[in-house]
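Right, I'll just put the structure down here and ask away after.
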Amino acid sequence: MDVSHLIQTFAVYALPVLFAITLHEAAHGYVARHFGDMTAFAQGRVSLNPVRHIDPVGTILVPLVILLLSGGRFLFGWAKPVPVNYSALRQPKRDMMWVAAAGPLSNLAMALGWAVLLRLALLLPANFFSAPMAEMATAGILVNLVFMFLNLLPILPLDGGRITASLLPSRMAWQYSKLEPWGLPILLILLVTNLLGVVLNPLIDLSSSLIRAFVLL
């Protein structure tokens, strides 16, 4: 990949990646506060300011490197995790499900927001402003769909794992939670073997097609 293409890719994906990851974390903190846990709020993490959530490696370096190495087909990254005090929630088992679900739901909302921006860009006359806006909006849709479906995988410590644990009977949830230390190695194996792409790509492609159909109405 030449330098000019590298710079162009960075410029197009930087903001969508930044907001997809950081607002995902902010959503966790906001919903945790709603259900009684003030931990994230006390630490200033219930904020739309991306700076409060950025992990230089996980939020910026890793996603862009993976994006470039995969030719724009895959993303993986993380922000500073929002602290959640399980015992501070009013109904911990039930409320944790909603705290976990808030992240993927925020990505869905952002994907739809980028779709509206794409619609606007396509309605504007083609020029030096509307063309980059359309590219960034397209990237924003893709980035948020990737993060949404990735985080919904039923693997701890991903949000899908937290949701699964909340839905299981208490004893089974306790046994399931023991798998959390293996979560990252499992994800890395799935990524390296491309099994992650086999699982996620059809979901991402279908969702992207539906959103594009909405944009072109």
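Going by Cα centres, the stretch 160-213 and the stretch 99-117 are how many Å apart?
Centre-to-centre (Cα) distance: 18 Å.
Quick one: if the Förster radius is 41 Å, what FRET efficiency do L61 and Q91 give, using the C-beta to C-beta distance and rounding to 0.05?
The formula returns an efficiency of 0.60 here.
Highest mean first, what order results for 20-33, 97-110, 177-190, 159-172 on Cβ atoms within 10 Å?
Packing order, densest peptide first, comes out as 20-33, 97-110, 159-172, 177-190.
Which FRET efficiency, nearest 0.05, do W182 and D205 yield, Cβ-Cβ r, R0 30 Å?
The pair W182/D205 has a calculated efficiency of 0.55.
Next question, about the same structure. Which value in deg cm²/dmol, rounded to the nearest 500, describes the helix-derived mean residue ellipticity at 222 nm for the chain, given -39,500 (n - 2.57) per DSSP H run of n ≥ 4 and division by the residue count?
Value at 222 nm, helices only: -22500 deg cm²/dmol.
Over the stretch 3-215, calculate the relative contact order: mean separation of alpha carbon pairs under 8 Å at least 6 apart, over the residue count, as a percent.
Relative contact order, the stretch 3-215: 21 percent.
If packing is taken as the mean number of other Cβ atoms within 10 Å per residue, what is the order of 119-130, 37-48, highest first?
The most tightly packed comes first, giving 37-48, 119-130.
Where a number appears in this text, it was derived from the coordinates with a stated rule and is not lab data. Given the structure is predicted, the values throughout are model-derived calculations rather than measurements. Using ideal geometry, Cβ is built from the backbone for each residue, glycine included, and neighbour counts are taken over all protein chains shown.
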